[in-house]
Every structure is written in C-alpha cells, then in structure tokens.
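The values are calculated or read from the model by the stated rules, or taken from the named source; none is laboratory data. Everything numeric in this text was worked out from a predicted model, so none of it was measured. For neighbour counting, all protein chains shown are included, and Cβ atoms are generated from backbone atoms with ideal geometry for every residue, glycine included. Heavy atoms of the whole protein, side chains included, go into the accessibility calculation; ligands, DNA and RNA do not. Shrake-Rupley method; radii C 1.70, N 1.55, O 1.52, S 1.80 Å.
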Amino acid sequence: MTPPLLSVRNLSKTYPNGVRALKGVNLEVQSGEFLVIIGLSGSGKSTLLRCLNRLHEPTSGQILFQGEDVGQLQKSDGIRQLRKNIGMIFQHFNLIPRQSVLKNVLMGQLAEKSTWQSFFGLFSDEDKKEALQNLKLVGIADKALQRADHLSGGQKQRVAIARALTQKPKLILADEPVSSLDPATSHAVMDYLKKINQELGITVIANLHFLSLVRKYATRVVALKDGEIVFTGRPEEITEEWFHRIYGEDAHDIS
Ligand code: ADP
C-alpha cells in the first residue's frame, strides 16, 4: 500500500486558556481522498485543520505530511514550503478586498517568489497566464479584472479556490468553505472542490456543517466530539444512531 499523504498521531492541542481542543487524535489520509470532518461547533474541527499547516502549534503528538515531520520544520523556509504544498480556503474567503481578482489569485504564487519579488509584486506573463487558467477552471475568468470586493460570496470563494490552486498544492484544507453561502451557491462551490479533487488529484480535507453536503461530496467522514474522533467511515454509514451519538440526542438533521 502507498504511504499516506498525511498521518496524524496522538495529536493534542490545549489553548493557553486551558481549553483542551484536541485530545489524542489519530488519523491517516490517503492521497486523492475527499475527507470531510463533522461535529458540533466547538468539537475541534478548525483546530485540527489549523494544526495541519501549523497555523496553530499542537501541544503534543506528531503530524507527518508526505512522510516529513511537520513539527520539526523550521520557521521561514520549512513552513513556507509546507504552506505551499497545503492550500487553505476559509469561511470568509480571506481575499484582499480592494485588489483585482487576478492579483488575489497571483498571491498564491508568493511562496515561490523571493522576498524582493514579493515586495514589488513582480509577476511574469507566465504567472498571469497560469492564474487566468485557474480562474477559468472555477468558471470565473471573466471577472479577472474586477475588484474582489465587488463579487458575490460564491464568486469570492471560487477566487479563493483559484488562489489555492496557483500554489500547486498536494492538499487543500477547506475550513467551513460554504458556511457563509446560501444552499444553491454552496453546491456550486462544492462542485468546484470536487472537480479539482477528481480532475487534478488534489486531496481535500473540509469541515462541513450540512449532512446533505457531506453525503454528496465526502469519500470518507471523520466525526469529532469534544476533541476526540468518535466516527470514521463512509458517508452512507452515518446512520440515525451515529448521527445522535455525534450531534447529541436532541439534534435534528436539518441537512
Ligand atoms: P470547531 O471548529 O469544531 O467549531 P474549534 O476548533 O474552533 O471547534 O474549537 C475547539 C475548542 O477550542 C472550542 O472550545 C473553542 O472555544 C476553543 N478555541 C478555539 N480557538 C481558540 C483560541 N484561539 N483560544 C482559546 N480557545 C480556543
């Protein structure tokens, strides 16, 4: 069997205020998976994603990405390379509002630039061509010269996907990528994530709220409860009984 893209071993995270957000999480992710993390608000989903690319520092445990110990990477070069290989998409898009869509997408290439190139915002015609191609892939190339803050939420998230693609990542982490969007737009954005997963072979790990989306897009599901994994399996294995174990007895599936 091929070694996993990602191995998480006994990962724990306690915040300085004493909250134990992760308690000994073990997880392996194979290349090509579309893994969805579910669980109640506060169960540790976002903390887990952010430990994977060292936006948060774990308290203990180990993360291996492509066999390399993420915890041993030095600030600057090592972490820069890690974040180039792991793209991230956020609930609130994290675009630069007054810059053009194209400029936002080009920002995804900064990890490959020298400090002075980044400082002067130097991008070659080749860079721009590639950024446009990625915008085309998410169906939004016609908006390249518009300001990012003039776009709708769904369009902004598609720009964020194009920006992540520009890094040529192996893995994309999507932290509640559709929580700010209406249901129809959510499906459109998820369809693009699925497309890049299937057509470009980029592994995706996403936190999602709605089980209808989980069932449609996930190849595998992990459920967190109070910082621990309580379920791992295929989406169709989330029976009503599991649903209540994950979300609590009083929960209703509003999908
Ligand atoms: P989820 O993504 O499932 O909603 P989080 O990972 O955001 O869960 O949060 C897990 C727990 O850690 C919660 O109790 C939350 O309040 C706490 N938490 C998250 N971020 C911080 C932080 N920066 N400082 C202190 N506590 C935090």
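Annotation: of all residues in segment 46-59 being open to solvent by 10 Å² or more (accessible area, probe 1.4 Å) and of a type outside the set (S, T, N, Q), the one that is nearest to residue 26 (Cα to Cα) is 58. Among the residues that make up segment 68-77, is at least one of them within 16 Å of the ligand (Cβ to nearest atom), open to solvent by less than 40 Å² (accessible area, probe 1.4 Å) and touching a strand residue (DSSP E or B) at 6+ places or on another chain (Cβ under 8 Å)? No: segment 68-77 contains no residue that is within 16 Å of the ligand (Cβ to nearest atom), open to solvent by less than 40 Å² (accessible area, probe 1.4 Å) and touching a strand residue (DSSP E or B) at 6+ places or on another chain (Cβ under 8 Å). Restricting attention to segment 199-224, the residues that are open to solvent by less than 70 Å² (accessible area, probe 1.4 Å) and either not in a helix (DSSP H, G or I) or not aliphatic (A, V, I, L, M) (or both) add up to 16.
Among the residues making up segment 214-231, those that are touching a residue at least 60 places away in the same chain (Cβ under 8 Å) and away from the ligand (no atom under 16 Å from the Cβ) are 217, 218, 219, 220.
Report yes if some residue within segment 3-15 is more than 12 Å from the ligand (Cβ to nearest atom), modelled with pLDDT under 95 and open to solvent by 50 Å² or more (accessible area, probe 1.4 Å); otherwise report no. Yes, segment 3-15 contains at least one residue that is more than 12 Å from the ligand (Cβ to nearest atom), modelled with pLDDT under 95 and open to solvent by 50 Å² or more (accessible area, probe 1.4 Å).
Do we have any residue at all in segment 35-44 that's hydroxyl-bearing (Ser, Thr, Tyr) and within 16 Å of the ligand (Cβ to nearest atom)?
First, pick out the residues of segment 35-44 that are hydroxyl-bearing (Ser, Thr, Tyr): 41, 43.
Filter once more, so that each one left must be within 16 Å of the ligand (Cβ to nearest atom): 41, 43.
The answer is yes; a qualifying residue exists.
Of the residues in segment 22-41, not one is at pLDDT 95 or above, on the phi > 0 side of the Ramachandran plot and open to solvent by 40 Å² or more (accessible area, probe 1.4 Å).
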